[in-house]
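In what follows, a single structure is set out as structure tokens and then discussed.
The values are calculated or read from the model by the stated rules, or taken from the named source; none is laboratory data. Bear in mind the structure is a predicted one, so any value in this text is a computation, not a measurement. Cβ atoms come from the backbone with ideal geometry, glycine included; neighbour counts cover every protein chain shown.
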Amino acid sequence: MREVLKKPSQLFQRMLYIKNLEVLSMKMTTNPQVFLFLSELLGKKVIDLEKREWGKVFDLVVSLSEPYPPVIALLCRHKKEILRLSWKKIIKIEAYFLTHSLTPADFDTLQLKEGELLLKDFLLDKQIVDTHGAKVLRVNDLHFLQVDHTLRLVHVDVGFKGLMRRVGWGKFAEKFFQWFFDYQLKDSFIPWRYVQPISSPDLLRLKISQNKLAQLHPADLADIIEELDVYKRSQVFQSLDAATAAETLEETDPKIQVRLIETLNPAQASDIIEEMSPSEAADLLGDLPKEKAEGILREMEEEIAEDVKELLVHPDEKAGGLMTTSFAALPAETSVQEALKFLRQEAENLDVIYYVYIIDAEGHLLGVISLRELLTAEPETNLSNLSNPRVITVGLEEEKEEIADLFAKYGFKAIPVVDEEKRLKGVIPFKNLLEVVAPKLGK
Amino acid sequence: MAAVNHGALQRRKGFLKSLGIFLALLGPGFITSNVDNDAGGITTYSLAGSEFGFALIWTLIPITAALIVIQEMCARMGVVTGKGLSDLIRERFGARPTFYLMIALFFTNLGNSISNFAGVAASMEIFGISKYLSVPLSAFFVWWLVVKGNYKSVEKAFLVACLFYVSYIISGFMAKPDWEQIGQEVLRPSFSWEMNFVTMAVGLVGTTIAPWMQFYLQSSIVDKGLKVENYEYARMDVIIGSIAVNIVAFFIIMLCAVTIFQAGIKVETAKDAALALAPLAGKHCTWLFAFGLLNASLFAASILPLSTSYTICEAFGWEASLNRKFMEAPQFYGLYSLMIILGAGVILFPEIPLIPIMYYSQVINGILLPFILITMLILINDRRVMGNYTNGPVFNLISWITVAVMIILSAFLVITSFF
């Protein structure tokens, strides 16, 4: 489903991007545009108009404040000292950087200001996230567009061609592939707007608007997090807001879930776990060391913590461990109108919204009404008139295989769980069972 | 799950708790060290014992120490940075050095892979099974184990393979050695400047400390997700593994020394050695010896192609995971398949000279090793990489000396191979 939805937007974004580039180049062109690679620029000498040498370039500084970051300074090593030279001093780039006449006073100290990024240090050869393709990739080169005096970072090169160019076999590799496979090596670039650098925690702590990870679907984020090393994992995870973090966590491998939560303090962890569905939260807390889990439970909102604690008692493989406690249960006297209002208000927090369960004051399960029935009924009708008293239920200790059979037989979207006295304890959404059964389907 | 887990946590206390953590974390170091006793290793040990008797057995003590020093650094880098070695090399040294290093690693490991399939062929021939049957079957087995299994099951299979090394210890006892004499030999190092002797000593060192192990160890430590707090367990794992591997080496050398060397028989391969054991120590001893060789070869043949493809893909940022489909990770599966097909394929050529192949694969290892060790030392002393976990002055001195000796010995091995 997501795949299908993705395509038109992909096309649109691509068009937007091309348009952006055009605008960008039109705005300032009178001169021809030149594309340059970082690998071509590094190592060039800095020479001023009076033919004095001021060392070799070994890094560039860009400002992240614009969508296509302009280079604002270069770093060069001058007499064993690392110095920063403003880009304004550069006249043109040839076999060397030609600059206005320089005195030592023209150089600044190395200090980076906020929103500035060292390209070689933080990007070249490091990992980045491609938020468009939802992949972790390694940067082989950086691609700039030069218009007049401004050099802007437009692409990140992640391809084989870029790698071969870095190694010094660029031309050879191109010819070889043409000759041997009749294949033309293509550049594989990622537009900067889809690139999220992750090599330093500072880059992730940028304003939310600049953290491009927010563009990713939580399921993709989870895949990416699983691919990163332990430290980057927790940095990326901590850069997410609580709601995204919770959704991402639900999609992550249970072992990695535990590690991610362990890096947080109980207050942070509880904020995220509160956003998860109670059954997922219980599974996660159950896997944590006891003290840690208790610490987090103490920090959580009491109501949610109670729900989760109840689920914690039951083993994963049985009904009690599979069920969720966030479902809609209403007394029989409720009118359809009130019931719909309740659903509308609570929908956000409910794991199961397809059914409304009818209970008495002691919590005994009396009947069930589907959402479809609710929507088609007259608003003034009482639920008791619609209630379907023949409900298929399972006990807390029911095994997952039995429950799976029930789902297969009746085609429900959820099955209620009751204790010995027929009191409603929770509901198993089909999705929760899918996670238990799906791994077996392939075999 | 939840309730059970809490109960289990409460029961684990004190010593039992530490033991539990240790056993849970045991693996990377132990497996790496053992896989290091591959076909090439076993050949070298049996030749050392058959040709020189006990004369070289003392070298196992400094070798163990060197192995611990070097592997400890890898383990530490893995735990502290959470990154694999090739990852660190790429980020610290850039694309060009990494590229050449990876090319060299690929060919070195291809050589090792070939020599392990040669080991499979040799050991199965002792049981009377033709290499045209055993090699394709074992290649399929290796592929199946890794592609169809997951990390957990593969690690378990590998730990079982580690246990089978016991067969060498049993066969060692079958030869009824004179322990008093062995004790004296170990404590009284003998050395000779005779060419064969030095070459053999270098070979022993070279086969124990190979370039690819450093990559494999570090990435399996990273895979296990060990944390800095658990570092002491990782170190124990490395130390125990290094000692275990040399105990096995000791028994192989000893077995060949008390039988083949004393009978004055000339052998050229591990297979010769196994066959020569039959009249001296019994048929069962030969079988055990051959079984050990088969196990070691299969074990190493499973790990090498996998480790190599992971390492290379990690350096170049290519998708590398057994959870992906072929088209999602073409470089990874391509490299992996290439290593197995070429490794096993070469052995199937009739008349292929197996001994030079094994020997030269050790020589290429020797050429590559110094580069790897030096990059490791630069990385581990880099504060930007290691933070407060760089080498201390004393450990640095020890590790530089170890590395210097390793480099001299490897250079010696390489130079002699050309004359």
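Results, tabulated for the structure shown:
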read-out: So B:Met102, is it more than 22 Å from B:Val160 (Cβ to Cβ), in contact with a helix residue (DSSP H, G or I) (Cβ under 9 Å, 6 or more places away or on another chain) and either surrounded by fewer than 24 Cβ atoms within 10 Å (Cβ to Cβ) or without any contact (Cβ under 8 Å) to a residue 24 or more places away in the chain (or both); value: yes
read-out: Given (1) surrounded by fewer than 23 Cβ atoms within 10 Å (Cβ to Cβ); (2) within 14 Å of chain A (Cβ to nearest Cβ); (3) closer than 19 Å to B:Cys313 by Cα, index of the condition B:Phe107 fails; value: (2)
read-out: Total residues in region A:117-155, condition in a strand (DSSP E or B) and within 11 Å of chain B (Cβ to nearest Cβ); value: 8
read-out: Region A:260-280, subset within 14 Å of another protein chain (Cβ to nearest Cβ) and touching a strand residue (DSSP E or B) at 6+ places or on another chain (Cβ under 8 Å), residue surrounded by the most Cβ atoms within 10 Å (Cβ to Cβ); value: A:Ser279
read-out: Top-ranked residue of region A:136-163 - restricted to ones that are out of contact with any Leu (no Cβ under 8 Å at 6 or more places or on another chain) and aliphatic (A, V, I, L, M), ranked as farthest from A:Val195 (Cα to Cα); value: A:Leu163
read-out: Positions within region B:364-385 being over 20 Å from B:Thr108 (Cβ atoms), of a type in the set (A, V, I, L, M, F, W, C) and surrounded by fewer than 19 Cβ atoms within 10 Å (Cβ to Cβ), in sequence order; value: B:Ile378, B:Val385
read-out: Matching residues, region B:78-93, being within 24 Å of B:Leu409 (Cβ to Cβ) and either aromatic (Phe, Trp, Tyr) or away from every other protein chain (no Cβ under 12 Å) (or both); value: B:Leu85
read-out: All positions within region A:329-348 that are under 29 Å from the mean Cα position of the chain (by Cα) and not hydrophobic (A, V, I, L, M, F, W, C); value: A:Arg344, A:Gln345, A:Glu346, A:Glu348
read-out: Exclusive hit being closer than 22 Å to A:Ala328 by Cβ, modelled with pLDDT under 90 and either touching a strand residue (DSSP E or B) at 6+ places or on another chain (Cβ under 7 Å) or among the aliphatic types (A, V, I, L, M) (or both), set A:Pro416, A:Pro429; value: A:Pro429
read-out: Residue within region B:232-251 that is within 14 Å of chain A (Cβ to nearest Cβ), within 30 Å of B:Val147 (Cα to Cα) and either not polar (S, T, N, Q) or not in a helix (DSSP H, G or I) (or both) present; value: yes
read-out: Failed criterion for B:Lys83 (all others in (1) assigned to a helix (DSSP H, G or I); (2) within 23 Å of B:Gly241 (Cβ to Cβ) hold); value: (1)
read-out: Residue under evaluation A:Leu249, criteria (1) within 13 Å of the chain's Cα centre (by Cα); (2) modelled with pLDDT under 85; (3) away from chain B (no Cβ under 14 Å), criterion not met; value: (2)
read-out: Residue ID - farthest from the other protein chains (Cβ to nearest Cβ), chosen from residues in region B:315-364 that are of a type in the set (A, V, I, L, M), farther than 30 Å from B:Asp272 by Cα and over 24 Å from the mean Cα position of the chain (by Cα); value: B:Met327
read-out: Cβ pairs under 8 Å, 6+ apart, first in region A:224-237 and under 12 Å from A:Ile256 (Cβ atoms), second assigned to a helix (DSSP H, G or I) and polar (S, T, N, Q); value: A:Ile225/A:Thr248; A:Asp229/B:Thr81; A:Phe237/A:Thr248
read-out: Filtered residue count, region A:298-328, keeping only those that are away from chain B (no Cβ under 14 Å) and either surrounded by fewer than 16 Cβ atoms within 10 Å (Cβ to Cβ) or in contact with a Cys (Cβ under 9 Å, 6 or more places away or on another chain) (or both); value: 5
read-out: Positions within region A:39-91 being among the hydroxyl-bearing types (Ser, Thr, Tyr) and either part of a loop (DSSP other than H, G, I, E, B) or in contact with a helix residue (DSSP H, G or I) (Cβ under 9 Å, 6 or more places away or on another chain) (or both), in sequence order; value: A:Ser39, A:Ser65, A:Tyr68, A:Ser86
read-out: Selected residue [crowded, with 20+ Cβ neighbours inside 10 Å, farther than 21 Å from A:Glu227 by Cα, out of contact with any Asp or Glu (no Cβ under 6 Å at 6 or more places or on another chain) and touching a residue at least 40 places away in the same chain (Cβ under 8 Å)] from A:Leu112, A:Leu142; value: A:Leu142
read-out: Lone qualifier among A:Asp351, A:Asp283 - being surrounded by 17 or more Cβ atoms within 10 Å (Cβ to Cβ), closer than 21 Å to A:Ala219 by Cβ and in contact (Cβ under 8 Å) with a residue 60 or more places away in the chain; value: A:Asp351
read-out: Subset of region B:133-160 (residues that are closer than 28 Å to B:Ala273 by Cα, buried (at least 17 other Cβ atoms within 10 Å of the Cβ) and modelled with pLDDT under 80); value: B:Phe158
read-out: Set B:Ile367, B:Ile415: member being modelled with pLDDT under 90 and within 21 Å of the chain's Cα centre (by Cα); value: B:Ile367
read-out: Residue satisfying all of: in region A:224-239; within 15 Å of B:Val228 (Cβ to Cβ) and of a type outside the set (A, V, I, L, M, F, W, C); surrounded by the fewest Cβ atoms within 10 Å (Cβ to Cβ) among these; value: A:Tyr231
read-out: Number of the condition not met by A:Ile190 [criteria: (1) more than 14 Å from chain B (Cβ to nearest Cβ); (2) touching an Asp or Glu at 6+ places or on another chain (Cβ under 8 Å); (3) among the aliphatic types (A, V, I, L, M); (4) assigned to a strand (DSSP E or B)]; value: (1)
read-out: Test for A:Gln235: is it within 14 Å of chain B (Cβ to nearest Cβ), closer than 25 Å to A:Val427 by Cβ and among the polar types (S, T, N, Q); value: no
read-out: Filter pass, B:Ala244 being within 23 Å of the chain's Cα centre (by Cα) and more than 30 Å from A:Thr263 (Cα to Cα); value: yes
read-out: Residue within region B:362-374 that is touching a residue at least 40 places away in the same chain (Cβ under 8 Å), out of contact with any Pro (no Cβ under 9 Å at 6 or more places or on another chain) and more than 27 Å from B:Gly40 (Cα to Cα) present; value: no
read-out: Wholly within region B:106-196, helices (runs of 4 or more DSSP H) carrying at least 3 residues that are in contact (Cβ under 8 Å) with a residue 24 or more places away in the chain and in contact with a Ser or Thr (Cβ under 7 Å, 6 or more places away or on another chain); value: B:131-148
